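Working notes, structure below.
The values are calculated or read from the model by the stated rules, or taken from the named source; none is laboratory data. Because the structure is predicted, anything quoted here is derived from the model rather than measured. Virtual Cβ from ideal backbone geometry, glycine too; neighbours counted across all protein chains shown. To get the accessible areas, we keep the full protein, side chains included, count just its heavy atoms, and leave off ligands, DNA and RNA. Shrake-Rupley method; radii C 1.70, N 1.55, O 1.52, S 1.80 Å.
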Amino acid sequence: AAVDGTAFGLDAAASAAARFGSAGIKAGDQMTGALRGVAGVAAMTNTSYEEMADIFSEAASLGNVTGNTLMRLNLRSFNAAAVMAKELGKSQEEIQQMVKDREITFEQFAAIMDKTYGEHAQKANETYAGSLANIGAALGRIGAVFMDFKLDSLRRTFNSLIPLIN
């Protein structure tokens, strides 16, 4: 449910789910929400699912959002403090102090990211590049091996078109 209709594969979501599970995130809505939040923020920042899951799972394993969490997201041009401030009705400075005091749990953070950006990854179908990426992800979910011959044919076709396009 977390990666269906996105450019992200089940393998990445399963790996993140295992990490979240070992950090105490419960299967069901809590897990799905955390995974959907990862997908949304990854799509928003044009980051791989695995890379974003690494940031989220670090916070999950600690139980709360840290300054390092915010910094790593900021490095990907994502101001999580601003998102949380808007959602919680606080200033960014208050959010940063709450993070410093370890008052924002991972569950709160994941719920906010899911609510705010959870569906963002599924909106990729509204663009050509997103649709193309989602086709690859869909093939990966069913086993691209069955389509290898067709994909190789398309690869050769695309490569033959490059000189014409140039």
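Values as computed for the structure displayed
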| item | result |
| --- | --- |
| For q = 0.33 Å⁻¹, Debye-computed log10 I/I(0) when each Cα of segment 1-50 counts as one equal scatterer | -1.36 |
| Surface share of carbon and sulfur [accessible, 1.4 angstrom probe, percent] for segment 1-127 | 48 |
| Lysine pair number, Cα distance threshold 20 Å (strictly under), segment 1-127, separation 8 or more or different chains | 6 |
| Packing rank of 112-118, 24-30, where each peptide gets the mean count of other beta carbons within 10 Å, highest leading | 112-118, 24-30 |
| Under-5 Å amide H pairs with residue 64, H placed in peptide plane, nonlocal only | 106 |
